[in-house]
Amino acid sequence: MAEDLHVSSGGKAERYRVLLPQVRSLLAGETDRVANLANVAAALKTTFGFFWVGFYRVQGDELVLGPFQGPVACTRIARGRGVCGTAWQEDRTLVVPDVDAFPGHIACSSLSRSEIVVPLHDREGRVWGVLDIDSDRPAAFDETDAAWLEELCMLLKD
């Protein structure tokens, strides 16, 4: 149950270590993608207090906004545009310590200072969406986040 989410007070890696099995339990037996994405966004926001956590889903040549936690967001992002569109196009996790320094950054919120985007893959390895997390602090994300979030995203394979 969502109300049973245990949030660790330890360091970043410890919080991910505690969160991962809880996400696994949240997803167990649930086949509805929207429900799963909504719960994962809420779990990440609750655990880390990120400024914005959400998902964009591939629809044609665009990413379309999916479940999220945080302020209003951009609804559609073209392939190759901004951090999300670039992570999709290049099929790799992007850690951006300063969004203002990222060429073509799309400012959905002027309060966003750093960002991490992780591609989501189906069982055949195709990208079907991205996990996008923004912070209102510069350089909030690092390789620890990338490694744990990539592992978490593996749980969202179709």
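Per-residue 3J(HN,Hα) values for region 86-93, derived from phi via the Karplus relation 6.51 cos²θ - 1.76 cosθ + 1.60 with θ = phi - 60°, read 6, 4, 5, 4, 8, 6, 8, 6 Hz in sequence order (x marks Gly and Pro). A crude spin-label estimate for the pair VAL7 and GLN59, with each label 7 Å from Cα along the Cβ direction, gives 3.1 nm.
Using θ = phi - 60° and the Karplus relation 6.51 cos²θ - 1.76 cosθ + 1.60, list the HN-Hα couplings for region 27-40 in order, rounded to whole Hz, with x at every Gly or Pro. Listing the rounded values in order: 7, 4, x, 9, 9, 7, 4, 4, 4, 5, 5, 4, 5, 5 Hz.
How big is the charge dipole of the chain about its Cα centre, in debye rounded to the nearest 20, if each Lys and Arg gets +1 on its Cβ and each Asp and Glu gets -1 on its Cβ? My answer is approximately 120 debye. Sorted largest first, the spans of the alpha carbon positions of the chain along the three principal axes are 40, 33, 26 Å. The residues of region 53-129 expose on average 47 square angstrom of accessible surface per residue, using a 1.4 Å probe on protein heavy atoms. Summarise the accessible area of region 21-146 (1.4 Å probe, protein heavy atoms) by the percent that is carbon and sulfur. Accessible surface attributable to carbon and sulfur in region 21-146 totals 48 percent. The alpha-carbon atoms of region 34-115, seen along their principal axes, cover 30, 29, 22 angstrom, with the largest extent given first.
In whole percent, what relative contact order does the chain give with Cα contacts below 8 Å and a gap of six or more residues? Spell out each step's value before the answer.
Details: 301 pairs, mean separation 31.6, N = 158.
Relative contact order comes out at 20 percent.
Using DSSP to call loops (not H, G, I, E or B), can you name the trypsin sites (Lys or Arg not before Pro) in region 114-158 whose Cβ has at most 11 other Cβ atoms within 10 angstrom? All intermediate terms of the calculation are to be shown ahead of the outcome.
Values: sites: ARG123, ARG126, LYS157; in loops: ARG123, ARG126, LYS157.
Here the sparse-neighbourhood loop sites are ARG123.
The convex hull defined by the C-alpha atoms of region 70-158 has an orientation-averaged projected area of 5.6 nm².
The values are calculated or read from the model by the stated rules, or taken from the named source; none is laboratory data. All values derive from a computational prediction rather than experimental measurement. Because the Cβ atoms are built from the backbone with ideal geometry, glycine has one as well, and the counts that use them run over all protein chains shown. Side chains included, ligands, DNA and RNA excluded: accessible areas come from the protein's heavy atoms. Shrake-Rupley method; radii C 1.70, N 1.55, O 1.52, S 1.80 Å.
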